[in-house]
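The values are calculated or read from the model by the stated rules, or taken from the named source; none is laboratory data. Just so you know, these numbers come straight off a predicted model, no measurement behind them. FYI the Cβ positions are ideal-geometry reconstructions off the backbone, even for glycines, and counts take in every protein chain you see. Protein only, heavy atoms only, side chains kept; ligands, DNA and RNA dropped before computing areas. Shrake-Rupley method; radii C 1.70, N 1.55, O 1.52, S 1.80 Å.
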Amino acid sequence: MPESPAIPTEPAYLQGLNPPQREAVLTTEGPILVLAGAGTGKTAALTARLAHLIATRKAWPSQILAVTFTNKAAREMKERVSQISGGAIEGMPWLGTFHSVAARMLRSHAELVGLQSNFTILDTDDQLRVLKQLISAANLDEKRWPARQLAGLIDRWKNRGWTPKEVDRGESEAFAAGRGADLYAQYQDRLRTLNACDFGDLLLHMLVIFRKHADVLDAYRDRFRYILVDEYQDTNQGQYEWLKLLAEPRRNLCCVGDDDQSIYSWRGAEVANILRFEKDFPGAKVIRLEQNYRSTSHILGAADGLIAHNAGRLGKTLWTDAGDGEKVRVIGVWDGPEEARRVGEEAESHMRRGGSLDDISILVRAQFQTREFEERFIAIGLPYQIIGGFRFYERAEIRDAIAYLRLIVSPADDLAFERIVNTPKRGLGDKAVATIHRHARATQQPLLLAAATLLDSDELTPQARRSLGNFVADLARWKKMSGELTHPELARIMLDESGYTAMLQADRSAEAAGRLENLAELARAMEEYETLQAFLEHVSLVMDNDEARQGDRVTIMTIHAAKGLEFDVVYLAGWEEGVFPSQRALDEGGLAALEEERRLAYVAITRARRRATIFHAANRRIYGQWTSSIPSRFLAELPDTHIKQETTMTGGESLWRAQWSERADPFAHLGPAQSMRASTRGPGWQRASRGNFNPEPQRVIEARASAVSLGNQGRTDLTLGQRVFHGKFGYGIIAAIEGNKLEIDFEHSGRKKVLDSFVSAG
C-alpha cells in the first residue's frame, strides 16, 4: 500500500501560544506594537517570533537586531530561542542591550566622531573625576556646583540625543548660571583627547554618525531585515530616534511593551514613545496580549480599575482563567509598627499552614519604609531578605552615621575613625591618613588620639592640620553634647554640622533623596532606645544576625525593584498621601508624575498571584515626628467589586472613600500631604549645613587638651642636642622636648615641630 502523506506538524515554538501571541509571532512584515499586559506571556511571544524568523529563513540570525534593557534579559532570550528551536543559535551578534549593540557599532566607526576603535568606556568615578577637573579649571566652586549634578544634566541631554550645540539656553541655565552647555562641550573634547566615552556617548555618537553619514546608516538598514525591541515603554528619546532611523525603509519593527508599566521617567524613559507608535509608523498593527497567566480575577480587576484613571494610555483589559480568587484586602491600621506586626503575624500563620516564606513579598514605595519591617522580623526571628538594595543598617549612609556615633561613644574605635575621617571630604589625602596610622602604631594609641597629638606638629601640611583640627574638635564637642541632648537630636546635629547632610543635598542623583530619607528614619529609630549605647548594641546584634540569609525568606523590596517579578502573596505597605503617591514626585512632575505613580501602583498590585493586601496607616512617623496620615487617593480608585475593606480603627472603613469621593478632579488636590511634610521636617534636615567651619581656638585647645589628658609620655632615649633622623625632613638636632613633642633644627628644612615617634637616633 502507498504510504499516507505525512500530516504537517506545528512548529514547537507555536505550541501553547494563545491566538494574540500567535498573531504577534506570525505577523512578520511591517511595524507591529505588541501591547503586553502584566503576566501575559510577552517573553514567550517575543522569543517565539525570533525563532520563527530564523526557522522560516526570513532572516539569518546575523540579520536580526534584538535589543533589551538588561544583559540578563538578553541572555535569557538567547537561551529560550535555542531551546524552542531545538538547538543552539549561533551567530546572533546583534542581540543585546542598547548600550552593548551601540558599542559594537561604534568600534567600527569610531574615527567618524574623533575616536579610535580601542576607545575606553569610562565608569561613573572616572566621569566625575574629569568633570571635577573642568569645574575647577572654570574657577567654579565645586561645593556649589557639584560634578555629580553636572553629570546628571549631561546624562539627561545625551538621553535626549542632544550634542552640546543642541542644548538650548534654558537647559544650559540649570548649571553655573548658563555655563552648562559650555562645560558639556569641554567634557566631550576632553573625552576625545582621552580616547574615551561614557555610556551615554555610545548611543549619542551613533546617532551623530547616522545623521551625518548616510552611507553608514544605509549599510545597517540593509543588514537588519527585522528589528525587535523589548520593554519599549522604557526607551528614552535618544533610543527612540536610533531605532526609528534604523527601521526605515523596511519598517519591519516589532516593539513589545506595556504603557501601563512605564515607571522609569527618572532614568529618562518617555512613555510618549509607545503612545505615539501608530502615528510614527502609519499602518502599524497593534496586538494586545490581555490573557493573564499570573493573577486571579479580583487582583486583575482591582489593577485595571485603578489604571483606568490614567488619561495617557492606549488601553487594554486583562483577564484570566485562574478563577476569581480572593478580593484585594485594604486594611487600615493605627500606625507603621502595627503594619509591620500585622504582616509578621500573617507570615508566621502562612508558615504554620505549610506555606513557604519564599511565597511572600512586601513592596514599599521608598527604601526608608523597610526598617520597621526589618526590626519586627528580627525581633520575632522571621527570616527575610532585601532585594534591589541593602538591609537598612547595611546601607552606606547608615553605616557612615553609625560610625560617627560609635566614635563619639568610644574614641578608641579605630574602624569607625577610618570610615569617616574623610567622609565627607575634608582634604585629608592618603598621605595624611597614612601618617596618622604610622604614629598610632608607633605609640600604640587609638587613631583619634594619634590624630589629636599630630595637630601640634609639622608632620601634616597646614591644610591637613586645619581639617583634622576641625574634625577632632567636632568630635570632642559632640561627645560633650551627648550628655546634654537626646541621642536622636545629637545624631541630627552631628550629621548637619559634619557636612554629611550638605553632601547629600548637593548630590543631584536619583538616589540622594532616598539616602536623606534613610538618615531621617535612622534618627527616628534611635528614639525607641533609652541610650545611645543601647541603640548601638542593638545595631551590632542586627548586623550579626546572618541566619536569615539561608533558607526560605520573606522578600522586601521597592516597587521599582519588583517589576518583572511575581509572588503568591504580596503586601503593599504605606498607601498614604505623601508616601504613595510620593509627594516629592508630585512636586517635581505634576500631572505626569501622578500618572506614573498610578502606573507604579498598577505594577505593585499585578505582582500578586493569589493574594494582595494593601495597608494604610492613620499615623506615621515621618522625619522624626508623628503625623496624621491621609489615605492614598489610589484607594478610592479601586473598584468596590474587587476589594474587601478591613480596619483596626472605628469608622475607618469608609474614611478614605469619603475623603476622596467628593473630589471630582483628584489632581486638583495633589498636595494634601505637602503641608504635613513641611511641618514634620525637623530643623536639622531643612537648614543649610554649616559644613566644616573654621576652628575656634578654644575648641582646638580643648580637643588637644583632651588628647593630652589621656597620657602622652615621651621617649626616654632622646635628649637635647641629640642628632636624629626624620623620614620627611632629614637630619637635625633636637632643640626642645615637651613630653612626646620635639622641636628640631633640621639641616635643610629649618626648625620643625614633630612627634618623637617619627624620629630615630641619627
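Here is how the numbers come out for the structure above:
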read-out: Among the candidates Ala491, Ala520, residue that is at pLDDT 90 or above, open to solvent by less than 20 Å² (accessible area, probe 1.4 Å) and assigned to a helix (DSSP H, G or I); value: Ala491
read-out: Extreme residue, farthest from the chain's Cα centre (by Cα), among residues of region 5-51 that are among the hydroxyl-bearing types (Ser, Thr, Tyr) and farther than 15 Å from Arg80 by Cα; value: Thr9
read-out: Residue check, Leu245 of a type outside the set (Lys, Arg), part of a helix (DSSP H, G or I), touching a residue at least 24 places away in the same chain (Cβ under 8 Å) and open to solvent by less than 10 Å² (accessible area, probe 1.4 Å); value: no
read-out: Matching entry among Arg610, Arg584 (being of a type in the set (D, E, K, R), out of contact with any Asp or Glu (no Cβ under 7 Å at 6 or more places or on another chain) and surrounded by fewer than 20 Cβ atoms within 10 Å (Cβ to Cβ)); value: Arg584
read-out: Top-ranked residue of region 466-482 - restricted to ones that are closer than 28 Å to Gly750 by Cβ and in contact with a Leu (Cβ under 6 Å, 6 or more places away or on another chain), ranked as most open to solvent (accessible area, probe 1.4 Å); value: Ser467
read-out: Residue within region 251-259 that is among the charged types (D, E, K, R), in contact with a helix residue (DSSP H, G or I) (Cβ under 9 Å, 6 or more places away or on another chain) and over 30 Å from Ile64 (Cβ atoms) present; value: no
read-out: Unmet requirement for Ile402, which otherwise passes all of (1) in a helix (DSSP H, G or I); (2) at pLDDT below 90; value: (2)
read-out: Candidates Glu459, Glu517, filtered to the one that is closer than 16 Å to Ala396 by Cα and acidic (Asp, Glu); value: Glu517
read-out: Residues (of a type in the set (Ser, Thr, Tyr) and either touching a helix residue (DSSP H, G or I) at 6+ places or on another chain (Cβ under 6 Å) or within 16 Å of Ala464 (Cα to Cα) (or both)) located in region 408-430; value: Thr423
read-out: Single match in Ser82, Ser62 (criterion: modelled with pLDDT of 90 or more and in a helix (DSSP H, G or I)); value: Ser62
read-out: Residue ranges of helices (runs of 4 or more DSSP H) in region 271-354 with at least 2 members within 17 Å of Tyr602 (Cβ to Cβ) and aliphatic (A, V, I, L, M); value: 272-275, 297-307
read-out: Count of region 567-579 residues which are assigned to a loop (DSSP other than H, G, I, E, B) and modelled with pLDDT of 95 or more; value: 3
read-out: Residue selected from region 241-297 under the condition among the hydroxyl-bearing types (Ser, Thr, Tyr) and closer than 23 Å to Ala48 by Cβ, by the criterion farthest from the chain's Cα centre (by Cα); value: Tyr293
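One line per residue, one yes/no per condition, for (1) in a helix (DSSP H, G or I); (2) at positive phi; (3) open to solvent by 10 Å² or more (accessible area, probe 1.4 Å):
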{"site": "Ala174", "(1), (2), (3)": "no, no, yes"}
{"site": "Ala181", "(1), (2), (3)": "yes, no, yes"}
{"site": "Gln186", "(1), (2), (3)": "yes, no, yes"}
{"site": "Asp189", "(1), (2), (3)": "yes, no, yes"}
{"site": "Arg192", "(1), (2), (3)": "yes, no, yes"}
{"site": "Asp201", "(1), (2), (3)": "yes, no, no"}
{"site": "Met206", "(1), (2), (3)": "yes, no, no"}
{"site": "Ile209", "(1), (2), (3)": "yes, no, no"}
{"site": "Tyr220", "(1), (2), (3)": "yes, no, yes"}
